[in-house]
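Structure first, commentary second.
The values are calculated or read from the model by the stated rules, or taken from the named source; none is laboratory data. Since we're looking at a predicted model, the values are computed, not measured. When we count neighbours, we look across all protein chains shown, and the Cβ atoms used for this are built from the backbone with ideal geometry, even at glycine.
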Amino acid sequence: MAYKYKIVADGLRKQIQQGKYPPGELMPDQNQIAKEFSTTRITVHKALQLLMIEGMVYSKRGSGTYVRKDYIQSEHGDNYGKVSPIDKPLGATTTNQGKKVTSKVLELSARIPTEEETTKLLIQPTEPVYVIQRVRFVNGEVFAYEHTIMPTSITTLTKQDLEGSIYGHLQKDGLNIKGSHRIVRADEANKIDVENGIANKIGAPVLVINQLSYLDDGQPFELSESRFPFKTSELTADITL
């Protein structure tokens, strides 16, 4: 059975897609939405968090929740904004089962988040975040360079945890990883890419995935950028019509 907040999120998403709340529109307050869906304000809050992660709405302190002005209604209907197969939260260890996956940890530190990190991770400006940098290897070959920001409140991480699977560590902590919002793009290699074996020269093409992942309660737990060698990287998606 689906969580109630997901049912509410689906209902609000459909209303936005159908034009009930156009781009830039102020949505009803959480108490009104709770009454409409016969639920609690806490459930509505989680539903709106999910739509924020998807990039459909944003919250303005002291004013309310708005539909993003850059939101464009999709001709693909209900498929808009949902997690697609290519966006499933699968790490290198899961996608390379049967192979030897290792990591070289470049950084594990903590600091106060930037304004962007605070907004995307839905945390307070004073809540510390981990800064994680590591290079992943599959069967001894460079697979990816990862730069990850994660709230320290989510879990306690050690260098040993980073040498293995972070997602595996979270699951052992009893956390259920639900989904991701990903942007896949091409980029030119920079100095860090060259230093870590992602590219052989500055300016060479690399594959980049920017990702915001969240738990089953709608809480974002990871803001990351992964960079892959273009010659050995490919993305696969199963599309069902």
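A few notes on this one:
- Output for region 166-215, where each listed residue is part of a helix (DSSP H, G or I) and either touching a Cys at 6+ places or on another chain (Cβ under 9 Å) or of a type in the set (Phe, Trp, Tyr) (or both): TYR167
- Boolean, GLY98 is more than 20 Å from GLY179 (Cβ to Cβ), assigned by TED's automatic domain parsing to the domain that holds LYS120 and either modelled with pLDDT under 90 or part of a loop (DSSP other than H, G, I, E, B) (or both): yes
- Of all residue pairs spaced 6 or more apart or on separate chains, those with beta-carbon atoms under 9 Å, a first member in region 3-29 that is among the hydroxyl-bearing types (Ser, Thr, Tyr) and a second member that is assigned to a loop (DSSP other than H, G, I, E, B) are TYR3/ASP216; TYR3/ASP217; TYR3/GLY218; TYR5/THR39; TYR5/ASP217; TYR5/GLY218; TYR21/MET27; TYR21/PRO28.
- Subset of region 105-144 [acidic (Asp, Glu) and more than 19 Å from LEU207 (Cα to Cα)]: GLU107, GLU115, GLU116, GLU117, GLU127
- Subset of region 197-219 (residues that are under 17 Å from the mean Cα position of the chain (by Cα) and more than 17 Å from ALA186 (Cβ to Cβ)): LEU212, SER213, TYR214, LEU215, ASP216, ASP217, GLY218, GLN219
- Number of positions in region 46-59 that are free of Cβ contacts under 8 Å to residues at least 60 places away in the same chain and either surrounded by 18 or more Cβ atoms within 10 Å (Cβ to Cβ) or among the basic types (Lys, Arg) (or both): 4
- You will find that of PHE221, PHE228, the residue that is surrounded by 15 or more Cβ atoms within 10 Å (Cβ to Cβ), assigned to a strand (DSSP E or B), out of contact with any helix residue (DSSP H, G or I) (no Cβ under 9 Å at 6 or more places or on another chain) and among the aromatic types (Phe, Trp, Tyr) is PHE228 and no other.
- ILE123 meets all of the listed conditions (1) buried (at least 16 other Cβ atoms within 10 Å of the Cβ); (2) assigned to a strand (DSSP E or B) but one, namely (2).
- Here ASP87 meets each of (1) under 29 Å from ALA199 (Cα atoms); (2) modelled with pLDDT of 85 or more with one exception, condition (2).
- Inspection of region 145-158 finds no residue satisfying the criterion of being of a type in the set (D, E, K, R), surrounded by 15 or more Cβ atoms within 10 Å (Cβ to Cβ), in contact (Cβ under 8 Å) with a residue 12 or more places away in the chain and closer than 20 Å to GLU54 by Cβ.
- Residues considered: ASN190, ASN139. Of these, the only one that is in the same structural domain as GLU225 (by TED's automatic domain parsing), within 14 Å of ALA92 (Cβ to Cβ), touching a Lys or Arg at 6+ places or on another chain (Cβ under 9 Å) and polar (S, T, N, Q) is ASN139.
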